[in-house]
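Notes to accompany the following structure.
The values are calculated or read from the model by the stated rules, or taken from the named source; none is laboratory data. The structure displayed is predicted, hence computed values, not measured ones. Cβ coordinates were reconstructed from backbone atoms using ideal geometry, including for glycine residues, and neighbour counts include every protein chain displayed. For accessibility, only protein heavy atoms count, side chains too; no ligands or nucleic acids. Shrake-Rupley method; radii C 1.70, N 1.55, O 1.52, S 1.80 Å.
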Amino acid sequence: MLSPKTIEVVKSTVPVLETHGRAITTRFYERLFAQHPELLNIFNHANQKQGRQQTALANAVYAAAAHIDNLGAIIPVVEQIGHKHRSLGIKPEHYPIVGENLLAAIKDVLGDAATDEIIQAWAEAYGVIADAFISIEAGMYQQAREQRGGWEGWRRFTVAKKVKESDVITSFYLVPEDGSQIADYLPGQYITVKAEIPGEQNTHLRQYSLSDSPGKAYYRISVKREDALDQRPKGVVSSYLHAQVNEGDVLEISAPAGDFVLDTAGDLPVVLLAGGVGLTPLMSMLNTLVERFPNRKVTFIQAATGSSTHAMKEHVAQLAENHSQVTSYTCYSEPSAEDRLAGNFDKEGFVDLAWLKSILSSNEADFYFCGPVPFMREVNRTLKDWGVPAQRIHFEFFGPAGSLED
Ligand SMILES: Cc1cc2nc3c(=O)[nH]c(=O)nc-3n(C[C@H](O)[C@H](O)[C@H](O)COP(=O)(O)OP(=O)(O)OC[C@H]3O[C@@H](n4cnc5c(N)ncnc54)[C@H](O)[C@@H]3O)c2cc1C
Ligand code: HEM
């Protein structure tokens, strides 16, 4: 139990730490990796370089501290992070390491302003926050381990099939090397791939959404290559998967995780909006609705630059043709001359409110979307402008979760 005084000190210093948030977490990571270089096998180096993880961690710590006397209010956020931590293999013994280095970084940045009283209060508060994460994650580890076909940590899967879905996206069908059962999952969830890449000093962990419906003998992931000519440096894991991982090779993955999942309890129509490779969790939802919920109307809206990057086009067209519950639309932002001639898209440019209103009879639906952050911002704003209540708007970030507000 924290004393009222400790709570007061922590809450009153949150704004100060927020002001220095970026500096503190940058210093924190410098210290962390200098003292524990083995953690470079867990953290995403690109997120570090782009400062995305710094912002995410800082925001989470301050949000937790601001609610230190009522952590129950931030349980959904802890759960979302907990899913990510569990899929990465973050363990209770990691927490003191993070706590120690965070406090030392606060001292480094604030200097004398960080009095012993303040540091002591934050040490206690961090302990309480860490315990909340550890206990929620313990439940997630147990569930991953004890479910049918489940496991803890990393499990070896063989690439049974590698299928090109578009110029930039390729699917990998993964079956367990030991031939035994695999864990079930909810449509929208992801796995983490642990990539041991020849020539790379560290292992690299990346999340990939499961792109087919559950209940199959395989997991399918569909990966966009991040190696366009203007992209320097190229993406480490996606380039490796595309160029070097072939049928018969083995990938280590953790059990499915994630809280961006299709709510199958309701009966409202479902609208799925996919931007680029953000189609993967939505494809799992679409296939699930067709296979298991034939009475639920679903509209699948896919945004791509043009037909060359439009993945799983034939599959969606087939579903729409064979299942009256499914309607599909395509938006191309940069249609080619051939696309224009073929007229194989429904809208040029981006999803906007006028167009959405023209294709959907009402906003009475559950909306799910995923894609590049600018796409997600646009869709989020459009849905809000249309008056869709927040509880019917669901989305996933393909990186550290951030804000969609302008
Ligand atoms: C929940 C979740 C689900 C996901 N699902 C999918 C999915 O289904 N399919 C999919 O393809 N991806 C998915 N992702 C994204 C995926 O995890 C990877 O982030 C993606 O494949 C890129 O990883 P990479 O190793 O190839 O690139 P990284 O090496 O991580 O680089 C990422 C980007 O940063 C750039 N970059 C690297 N270093 C720097 C630097 N110093 N300065 C500036 N830019 C730099 C690279 O050019 C690249 O564009 C998902 C992510 C999450 C969190
Ligand atoms: C109370 C303490 C902690 C908080 C508040 C916290 C917060 C966060 C947040 C907000 C994210 C981003 C989640 C997202 O992807 O949306 C994250 C991811 C992550 N966390 Fe934590 N975390 C804590 C402890 C730890 C510990 C102890 C470790 C292990 C040393 C750790 C390792 C990671 C890693 C590796 C990621 C993924 C980041 C990446 O992609 O590089 N975290 N954490």
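At 1.4 Å probe size, with every protein chain present, just tell me what the per residue accessible area of the range 4-146 comes to in Å². Walk me through the numbers on the way to the answer.
Values: 6890 Å² over 143 residues.
On a per-residue basis, the range 4-146 sits at 48 Å².
Can you compute the FRET efficiency between Val77 and Arg232 using 1/(1 + (r/R0)^6), with r the Cβ-Cβ distance and R0 = 30 Å? Round to the nearest 0.05.
Numbers: r = 34 Å, r/R0 = 1.13.
About 0.30, to the nearest 0.05.
Need one number for the range 283-406: average projected area of the convex hull over its C-alpha atoms, nm². Intermediate values should be presented prior to the final figure.
On the way: hull surface 33.1 nm².
Computed as one quarter of the Cα hull surface, the answer is 8.3 nm².
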Item to complete: Among DSSP beta bridges lying fully in the range 188-315, give the percent that are antiparallel, nearest 5.
Response: 60 percent
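Of the chymotrypsin sites (Phe, Trp or Tyr not before Pro) in the range 198-278, which ones lie in a loop per DSSP and count no more than 13 other C-beta atoms within 10 Å? Write out the running numbers ahead of the final one.
Numbers: sites: Tyr208, Tyr218, Tyr219, Tyr240, Phe260; in loops: Tyr218, Phe260.
In loop regions of the range 198-278 (DSSP not H, G, I, E or B), there are no sparsely surrounded chymotrypsin sites (Phe, Trp or Tyr not before Pro).
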Practice prompt. Run the quick spin-label model on Glu152 and Asp108: label points 7 Å from Cα toward the beta carbon, then report their separation in nm to one decimal.
Written response: 3.3 nm
Practice prompt. Give the long-range amide H neighbours of Val223: residues separated by 5 or more places, or on another chain, with amide H under 5 Å away, using H modelled in the peptide plane at 1.01 Å from N.
Written response: Thr170, Ser171, Phe172
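Using square roots of five times the C-alpha gyration tensor eigenvalues, list the equivalent-ellipsoid semi-axes of the chain in whole Å, biggest first. Each step should come with its number before you reach the end.
Numbers: eigenvalues 287, 127, 89 Å².
In descending order, the three semi-axes are 38, 25, 21 Å.
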Discussion item. Quick check for me: using +1 on Lys/Arg Cβ and -1 on Asp/Glu Cβ, what's the dipole size of the range 143-257 about its Cα centre, in debye to the nearest 20?
Written reply: 140 debye
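If the viscosity is 1.002 mPa s and the temperature 20 °C, what Stokes-Einstein diffusion coefficient in µm²/s follows for the range 1-53 when Rh is the Kirkwood radius over Cα pairs? Provide the component values of the computation, followed by the final result.
Numbers: Rh = 13.1 Å.
Roughly 164 µm²/s, to the nearest whole number.
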Worksheet item: Translational D (Stokes-Einstein, µm²/s) of the range 155-253 at 4 °C and 1.567 mPa s when Rh comes from the Kirkwood sum over C-alpha pairs?
Response: 93 µm²/s
Practice prompt. Considering Cα pairs under 8 angstrom that are at least six residues apart, work out the relative contact order of the range 270-396 and quote it in whole percent.
Written response: 29 percent
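Taking only complete DSSP H runs, can you tell me which helices of the chain stretch 20 Å or more along their own long axis by Cα positions and average at least 0.0 on the Kyte-Doolittle scale? Don't skip to the answer; put the middle values down first.
Details: long enough: 4-19 (24 Å, 0.26); 21-35 (21 Å, -0.41); 52-66 (21 Å, 0.24); 94-110 (24 Å, 0.68); 116-146 (44 Å, 0.09).
Within the chain the helices that satisfy the rule are 4-19, 52-66, 94-110, 116-146.
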Worksheet item: Counting DSSP beta bridges with both partners in the chain, what percentage is antiparallel, nearest 5?
Response: 55 percent
